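Heads up: the structure comes next, in C-alpha cells.
The values are calculated or read from the model by the stated rules, or taken from the named source; none is laboratory data. Since we're looking at a predicted model, the values are computed, not measured. Here the Cβ positions follow ideal geometry from the backbone for every residue, glycine too, while neighbour counts run over all protein chains shown.
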Amino acid sequence: MEDPNPLVVLSGPPRLGVTSGAAPPRSNEEDKPVSCPHGEHVPSRPAWRCRACGAPWPCQPAKLRLLAEYAGNMPSLMVYLVALREEAAEHLAELASATPPKNLHRRFTDWVPVHRSK
C-alpha cells in the first residue's frame, strides 16, 4: 500500500521548518495557529495557514526566510515552492469540495525574484 503523504526530498539548502526529517507540530484544528519551536513560520496542512501568525502560507516572514536560505539558488527555491504549491492545491481542493483554488501561483511562486539572462 502506498503512503498517501510521501516524503519529497529535494536537493539544496535546508528547507523552512524541516529539521532532521521531523515534521512540524500539528494541531487538532489544522487552520488555527499553534506554537512552533522558535516561532517558525511553517505551513499548517491541510489549510496552508502559517502556524506562527495564521496568515496564508507562505507568509511574509516565511518568504524572507526562504529567500535567505536559498540565496544564490533561486531555481532550487522555485522547484521546492512548485512542489509545495501542488500539494497545497490538492489539500485546498479537498477542503473546498474539489474546487481547486485560483491563483496559487501568485501566493507560492510569483514573489520569487527571477533574473533572465540576456
* Asked: Restricting the first residue to the stretch 59-78 and requiring it to be of a type in the set (F, W, Y), which pairs with a second residue that is surrounded by 12 or more Cβ atoms within 10 Å (Cβ to Cβ) meet a Cβ separation below 7 Å and a spacing of at least six or different chains?
  -> Y70/G12; Y70/P13; Y70/S76; Y70/L77
* Taking the stated definitions as given, is K63 modelled with pLDDT under 50 and among the basic types (K, R)? -> no
